[in-house]
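As C-alpha cells, the structure follows; a few thoughts come after it.
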Amino acid sequence: MQKHPIKENLPHALREAVGWGIAQGFIRSGRRAAALRRYDGPDTILSLCAHNPTPSVLRSLLAWLTAHGFRFLSEEDILGGRVPSGRKAWLSFDDGWAGFDTELLPVLEAFNAPVSLFIAPEETRRGFLWTNALMPYCPMSGIRALYALPEPERIAAVAAVLKGKTPKMLMSPEAVAAVARHPLVRVGNHSATHLSCSDRPVSEVIDALRRAQETLTDWCGRAPRLFCYPFGHRTPETDAAVRAEGLHPIGLFPGIDRLSSFGAFRNMVYDDMSLAENTCRVLGSWIPIRRT
Ligand SMILES: [Zn+2]
C-alpha cells in the first residue's frame, strides 16, 4: 500500500517542495543529526521498508546511509545475534513488485546490502496485489470495507471490479524463485493473499500463513523465517499465533518494531520524497506527515 490522501490531493511537485522545505528545517535545526545519534547505540537498528522505489531513490538513500556510517545487516545477522557495534540498517521490501529483480537488485548489489523480501504468493501467482489493483477504481473506504470479508467473498468481489482490466504487475513466481537464490535476498511470508489479519478470525490468519509458508518454501527452497503483516494490521492474538507457527512477526507502521526488539524505527521509503525528506523521515526526525 503506497497511496495516501496527501499524495492524491496535492500535486506531486508541490508536495515534494513542501516536504523538502520542512526537511531543511529539521536538518538545519540539528534534529536530523540528533535522530541519527539514536542509531549509535548497540541495540538499535534502523529498519527500512520499501515497496517499489525507483532505483535512483534507493541508490541515493543507500549512499547517504553508507556515507553516515551505516552497515547493512541481513535478517540472519539479526536473528543469529551477529550484530556489530556502530550504525546498522536492515532493509526490507514488501509485495515483490515487477522490476525488483532487474532494477533494484543491482543497486543492492552495489552496496552489498542484504534484504528481506515479503511475498504473498497467491497474489504473486495471480500477478497483482488486490488492494493496489483496486485503487484506480475504488475509494479507500471501499477497499477497507473488503478487509472484513471472508477470503472467498473478497477474492470474488475484487475479480468482479477488475474484470478486463490490467493492474500493475508483481514479479512472477519464477522471478521470485530466482531472486530467492540470490545471496543477498531472503524471502519472507506476507500471508497467502495479503489479508488484513486484524479483521479476520485468527484461524483464517493461520491458514493464510501456512499456505504461504508451504508455497514459498517450495518456490524458494528455503522456509521463510519472518512474517510481515499486510497493512501492518496485527493484534496480540495474531502475534501469538505467528510465533506459535515458528515465525517472527514483523510490524509495518513507524514506531512498531520491524524485527523483534531490534528494529525500533521501521520506516517507509517513498519515491515522491526528496532525499532530504526521506532521510529525515526514515530516521524518525519528525512525526510523519503521511501515513502508510
Ligand atoms: Zn504488502
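The values are calculated or read from the model by the stated rules, or taken from the named source; none is laboratory data. Please read these numbers as outputs of a predicted model, since none were measured by experiment. Because the Cβ atoms are built from the backbone with ideal geometry, glycine has one as well, and the counts that use them run over all protein chains shown.
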Q.
List the helices (runs of 4 or more DSSP H) inside the range 103-189, counting only whole elements, that have at least 3 residues being within 25 Å of ARG225 (Cβ to Cβ).
A. 105-110, 121-126, 173-180
Q | Within the range 11-30, tally of residues that are surrounded by 15 or more Cβ atoms within 10 Å (Cβ to Cβ) and at pLDDT below 80 | A | 0
**Q.** The one condition in (1) among the β-branched types (Val, Ile, Thr); (2) more than 16 Å from the ligand (Cβ to nearest atom); (3) in contact with a Gly (Cβ under 8 Å, 6 or more places away or on another chain) that ILE250 fails to fulfil
**A.** (2)
**Q.** Of the criteria (1) part of a helix (DSSP H, G or I); (2) modelled with pLDDT of 85 or more, which one ALA223 fails
**A.** (1)
**Q.** Residue identified as within 16 Å of the ligand (Cβ to nearest atom), modelled with pLDDT under 90, within 30 Å of LEU62 (Cβ to Cβ) and not polar (S, T, N, Q) among VAL269, VAL242
**A.** VAL269
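Go over the candidates ARG144, ARG200, ARG234 one by one and state the one that is over 25 Å from ASP101 (Cα atoms), of a type in the set (D, E, K, R) and within 14 Å of the ligand (Cβ to nearest atom).
From the options ARG144, ARG200, ARG234, the qualifying one is ARG234.
Looking only at the range 77-122, how many residues end up being of a type in the set (Asp, Glu), touching a strand residue (DSSP E or B) at 6+ places or on another chain (Cβ under 7 Å) and either on the phi > 0 side of the Ramachandran plot or at pLDDT 95 or above (or both)? Break it down stepwise before answering.
Of the residues in the range 77-122, the ones of a type in the set (Asp, Glu) are 77, 94-95, 101, 103, 109, 122.
Restricting the remaining residues to those that are touching a strand residue (DSSP E or B) at 6+ places or on another chain (Cβ under 7 Å) gives 94-95.
Now drop any that are not either on the phi > 0 side of the Ramachandran plot or at pLDDT 95 or above (or both), which leaves 95.
Counting residues in the range 77-122 that are of a type in the set (Asp, Glu), touching a strand residue (DSSP E or B) at 6+ places or on another chain (Cβ under 7 Å) and either on the phi > 0 side of the Ramachandran plot or at pLDDT 95 or above (or both) gives 1.
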(Q) Under 6 Å between Cβ atoms, which residue pairs at least 6 apart in sequence (or on different chains) link something in the range 178-200 that is over 18 Å from PRO106 (Cβ atoms) with a partner that is surrounded by fewer than 18 Cβ atoms within 10 Å (Cβ to Cβ) and of a type in the set (A, V, I, L, M)? (A) ASP199/ALA148
Q | Number of positions in the range 203-216 that are buried (at least 16 other Cβ atoms within 10 Å of the Cβ) and either among the β-branched types (Val, Ile, Thr) or away from the ligand (no atom under 15 Å from the Cβ) (or both) | A | 7
Q | Lone unmet requirement of (1) over 14 Å from the mean Cα position of the chain (by Cα); (2) under 20 Å from TYR147 (Cβ atoms) for LEU108 | A | (2)
**Q.** Residue satisfying all of: in the range 38-78; polar (S, T, N, Q) and in a helix (DSSP H, G or I); nearest to THR102 (Cα to Cα) among these
**A.** SER56
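LYS168 - would you say it is under 19 Å from the mean Cα position of the chain (by Cα), within 17 Å of GLY127 (Cβ to Cβ) and among the charged types (D, E, K, R)?
Numbers: under 19 Å from the mean Cα position of the chain (by Cα): yes; within 17 Å of GLY127 (Cβ to Cβ): yes; among the charged types (D, E, K, R): yes.
Answer is yes for this residue.
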Q: Answer with yes or no whether ALA89 is in a loop (DSSP other than H, G, I, E, B), away from the ligand (no atom under 15 Å from the Cβ), buried (at least 16 other Cβ atoms within 10 Å of the Cβ) and of a type in the set (A, V, I, L, M).
A: no
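Please state which one of GLU75, GLU109, GLU103, GLU122 is within 16 Å of the ligand (Cβ to nearest atom) and either surrounded by fewer than 19 Cβ atoms within 10 Å (Cβ to Cβ) or not β-branched (Val, Ile, Thr) (or both).
GLU122
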